[in-house]
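The values are calculated or read from the model by the stated rules, or taken from the named source; none is laboratory data. In this text, all values refer to a predicted model and were calculated from it rather than measured experimentally. Cβ placement follows ideal geometry from the backbone for every residue including glycine, while neighbour counts extend to all protein chains displayed. Surface accessibility is based on the protein's heavy atoms, side chains included, excluding ligands, DNA and RNA. Shrake-Rupley method; radii C 1.70, N 1.55, O 1.52, S 1.80 Å.
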Amino acid sequence: MTSSPFRRAGVAVLALWAAMVQAVPPERITLTYELKRNGTVLLDVSEILEHDGRTYAITSEGRGRGILALFGVLKRTSRGHITRQGLRPDEFRDERPGGWAVSAKFDWDARSVTQERKGKSETLQMQGTAQDPLSLAYSFAFVPPKGKEYDVTRADGRGLTPFRFTVVGTEKLATPAGEMQTLHIAKLRDGPEDKATDIWFAAERDFLPVRVLVVDSDGTRSDQVVTRIGK
């Protein structure tokens, strides 16, 4: 009897985990990316992760190329605590030029998320584990995955969206920052109108996120690939 792709992926991840001694990432590390839309570079993105072993802060800033630079900086931040299960966000903010901003505040005792948008506030109940877009991408740097599937609810200030990710497997990924051994996960799509989301983590660089690919239902591809990892 042949094993399923999911089972083979799970075995590969366990083998990778067993072969490595996982350490937390440096207390401060910067990743830079190019964000392409259908092959054209639109943004240069810089993300800084800082932590003291108990708390963390992630700052992401995107600056447009060429004429897009005139529109200003896109800024997202995530702050929270580090737990045995990974990152536990306390607050997420997404700010864009022109005063547009949304936020999500997490109350882990009440198991709720309060989101603010356009001057209005709404409190929603968490279903399972909740992460914001930044903590979701960096949580594996502190607690790498050991299974083949996991569920998470994404809170981005505009709502709570349940995601289910599956481990695709380990892959060699060529990037401007060099070739890397990566762990590739993919979001299971709910239907043809749902976006496809794939994330690659650098297995030998603390499972930091080195590529994020989002494909819209109309085929539009947004591809963010690391160009440098440094202090």
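Annotations for the structure displayed:
- Just so you know, in segment 68-82 the residues that are modelled with pLDDT under 90 and out of contact with any helix residue (DSSP H, G or I) (no Cβ under 7 Å at 6 or more places or on another chain) include one that is surrounded by the fewest Cβ atoms within 10 Å (Cβ to Cβ), and it is L70.
- Filtering segment 2-22 for residues that are at pLDDT 85 or above, under 28 Å from P176 (Cβ atoms), open to solvent by less than 90 Å² (accessible area, probe 1.4 Å) and in contact with a Ser or Thr (Cβ under 9 Å, 6 or more places away or on another chain) leaves an empty set.
- Segment 93-124, subset touching a Phe, Trp or Tyr at 6+ places or on another chain (Cβ under 8 Å) and closer than 22 Å to G62 by Cβ, residue modelled with the lowest pLDDT: P97
- Residue in segment 54-67 that is assigned to a loop (DSSP other than H, G, I, E, B), closer than 19 Å to R28 by Cα and either modelled with pLDDT of 95 or more or charged (D, E, K, R) (or both) present: yes
- The residues of segment 184-202 that are assigned to a strand (DSSP E or B) and either among the aromatic types (F, W, Y) or within 14 Å of L213 (Cα to Cα) (or both), listed by number, are H184, I185, A186, K187, A196, T197, D198, I199, W200, F201.
- Restricting attention to segment 203-228 and to residues that are more than 21 Å from V24 (Cβ to Cβ) and not in a strand (DSSP E or B), the residue that is nearest to the chain's Cα centre (by Cα) turns out to be D216.
- Members of segment 156-170 that are closer than 15 Å to W200 by Cα and more than 14 Å from the chain's Cα centre (by Cα): T166, V167, V168, G169, T170
- Single residue of segment 101-136 satisfying the filter (open to solvent by 20 Å² or more (accessible area, probe 1.4 Å) and hydroxyl-bearing (S, T, Y)) that is nearest to the chain's Cα centre (by Cα): T129
- The conditions of being surrounded by 19 or more Cβ atoms within 10 Å (Cβ to Cβ), among the β-branched types (V, I, T) and within 27 Å of S103 (Cβ to Cβ) are met by V152.
- Residues in segment 137-155 that are closer than 19 Å to D190 by Cα and within 13 Å of the chain's Cα centre (by Cα): V152, T153, R154, A155.
- T129 closer than 21 Å to H81 by Cβ and without any contact (Cβ under 8 Å) to a residue 12 or more places away in the chain: no
- Meets criteria (open to solvent by less than 70 Å² (accessible area, probe 1.4 Å) and either in a helix (DSSP H, G or I) or farther than 24 Å from T59 by Cα (or both)) for T161: no
- The single condition among (1) over 21 Å from G53 (Cβ atoms); (2) of a type in the set (D, E, K, R); (3) part of a strand (DSSP E or B) that D109 does not satisfy is (3).
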